[in-house]
Amino acid sequence: MNDVLTKEQWISFYINGEVYAQPIAVIREIVPYREASPVPGAPPEVEGIVNIRGDVMSVINTRKLMDAPDIDQYDENARILILESGEHLLGFSVDKVSEIVGFNNEQVEYSQSDSGLIKGTVNLPQGLYIVADLGEYTHRQDNYE
């Protein structure tokens, strides 16, 4: 049976050529990247806000969160991962969304990360994935409100 059906599901995405895996359960949807309207005084990782089908949300520059070099412009492969956190929606810009992969938490080699966004790595037959929890960013923001 296919691993995606028998194990936990994760969406894989790319930032600066590195492949990440995010639990799919917290992702509401994935949309093509669109330019965000800047918000004066926002933290540096906030690209701005977008309106997606009537829902206004902040878009977070995931490259900045992962300490990757910034780029001038995203290409046609770029996407926004929209995560639901309680009553809030938050978008995360990524270079490219790849595929859904299946693995269990027991397969993750956990590491200590200052940001809490990186949980560890998992080595699968198709390659090495950096296990992320972008929801951790939304929880940190909830604590500031």
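Where a number appears in this text, it was derived from the coordinates with a stated rule and is not lab data. Since the model is a prediction, treat every value here as computed from it, not as a measurement. As a convention, Cβ positions derive from the backbone with ideal geometry for all residues, glycine included, and neighbour counts pool all protein chains shown.
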**Complete:** HN-Hα couplings for the stretch 87-103 via Karplus (6.51, -1.76, 1.60; θ = phi - 60°), in whole Hz with x for Gly/Pro, come out as 8, 9, 10, 9, x, 10, 7, 9, 5, 6, 9, 9, 7, 8, 10, x, 7
**Fill in**
Looking only at aspartates and glutamates whose Cα falls under 18 Å of K119's and that sit 8 or more positions away or on another chain, we get E8, E18, D67, E106, E109, D133, E136
**Asked** With the Cα gyration tensor of the stretch 1-72 giving a ≥ b ≥ c as the square roots of its eigenvalues, does the rule (a/c under 1.5 for rounded; else a/b larger than b/c for prolate; else oblate) give rounded, prolate or oblate?
**Response** oblate
**Asked** Where both residues lie in the chain, what percent of DSSP beta bridges are antiparallel, nearest 5?
**Response** 85
**Message:** Give me the mean projected area, in nm² to one decimal, of the convex hull enclosing the Cα positions of the stretch 26-145.
**Reply:** 8.5
**Request:** Evaluate the distance, in nm, between pseudo-label points positioned 7 Å from the Cα of N16 and of S37 along their respective Cα→Cβ axes.
**Result:** 3.1
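Could you work out the local net charge near N16, counting Lys and Arg as +1, Asp and Glu as -1, over the other residues with Cβ closer than 9 Å to its Cβ? If you can, show how the numbers build up before the last one.
Details: positive: R63; negative: E18, D95.
Counting the neighbours of N16, the net charge comes to -1.
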**Request:** Please determine, in degrees from 0 to 90 and to the nearest 10, the orientation of helix 135-144 with respect to the longest principal axis defined by the Cα atoms of the chain, where the helix direction is its Cα long axis.
**Result:** 40
**Message:** Please compute the modelled spin-label separation between Q9 and V26, points set 7 Å along Cα→Cβ, answer in nm with one decimal.
**Reply:** 1.7
